[in-house]
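The values are calculated or read from the model by the stated rules, or taken from the named source; none is laboratory data. Please read these numbers as outputs of a predicted model, since none were measured by experiment. Every residue, glycine as well, gets a Cβ built from its backbone with ideal geometry; the counts of neighbours run over all protein chains shown. These accessible areas exclude ligands, DNA and RNA; they are computed on the full protein's heavy atoms, side chains included. Shrake-Rupley method; radii C 1.70, N 1.55, O 1.52, S 1.80 Å.
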Amino acid sequence: MARRRKVSNLLGLAVLSALTTRPMHPYEVASVLRARGKGDDMAIKWGSLYRVVQNLEKYGFVEALQSERQGARPERTVYRITDAGRAELVDWVRELVGETRREEDRFKAGLSLLALLSPDEVVDLLQGRIGALEKSVAAAEAELAGHAGELPRLFLIETEYELAVRTAELHWVRDLAREISEGSFPDLPAWRDFHRTGDV
């Protein structure tokens, strides 16, 4: 079972991973994470970066190494990861990979209230979602193809996962839209009657 972490913001995980390469100041960490595309892999709120770094320092996961100033810029503190931080990083990754946890799913929440929309509107909305999913799948396929032979598969595994999930969702949404459009969706007449009469 997942335990409550002293720093639970996934940006903390990203910061710790960046600092395993070398000591950096927070602005440099953000640049490295953006260059690695970490904003696509996890929900990162960049505005909380300095607070996250302060919390990591508070709990002993990072420590200030030195402060430096360049020209008229404000003084910047360079941080390095501690042994406790490396242990936390590895334990956190183990939890993310090995344990399942119900995450917030906006689409699932919408599906649970689908009856509030008319079948025709649902089909229109699903067609829009299908278009977005097709673009997402194509982008992931292009990314994998573009890196083929350049990067080890180990560093593309999150893109493979996203592609598999998006492809499965695309197939499911297409099938749902088709069932409603063709009239084979169970209880479709009752659904339409509800929107015509208001009676359940």
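General remarks:
- Those residues of the stretch 137-155 which are under 19 Å from Arg36 (Cβ atoms) and surrounded by 13 or more Cβ atoms within 10 Å (Cβ to Cβ), in sequence order: Ala139, Ala140, Glu143, Leu144, His147
- The C-beta contact set for the stretch 45-67 (first residue closer than 22 Å to Arg34 by Cβ, second residue surrounded by 13 or more Cβ atoms within 10 Å (Cβ to Cβ) and polar (S, T, N, Q), distance under 7 angstrom, 6+ apart or interchain) comprises Ser48/Asn9; Val52/Asn9; Phe61/Thr82; Val62/Thr82.
- Leu176 being out of contact with any Cys (no Cβ under 6 Å at 6 or more places or on another chain) and surrounded by 15 or more Cβ atoms within 10 Å (Cβ to Cβ): yes
- Counting the residues of the stretch 21-72 that are open to solvent by 70 Å² or more (accessible area, probe 1.4 Å), in a helix (DSSP H, G or I) and modelled with pLDDT of 80 or more gives 9.
- Any hit, the stretch 72-79, residues being under 21 Å from Ile157 (Cβ atoms) and free of Cβ contacts under 8 Å to residues at least 12 places away in the same chain: no
- Exactly one residue out of Glu134, Glu158, Glu162 is modelled with pLDDT of 95 or more and surrounded by 11 or more Cβ atoms within 10 Å (Cβ to Cβ): that is Glu134.
- Where helices (runs of 4 or more DSSP H) fall entirely within the stretch 101-200, those with at least 2 residues that are touching a residue at least 40 places away in the same chain (Cβ under 8 Å), over 24 Å from Met42 (Cβ atoms) and out of contact with any Pro (no Cβ under 7 Å at 6 or more places or on another chain) are at 119-147, 157-182, 188-197.
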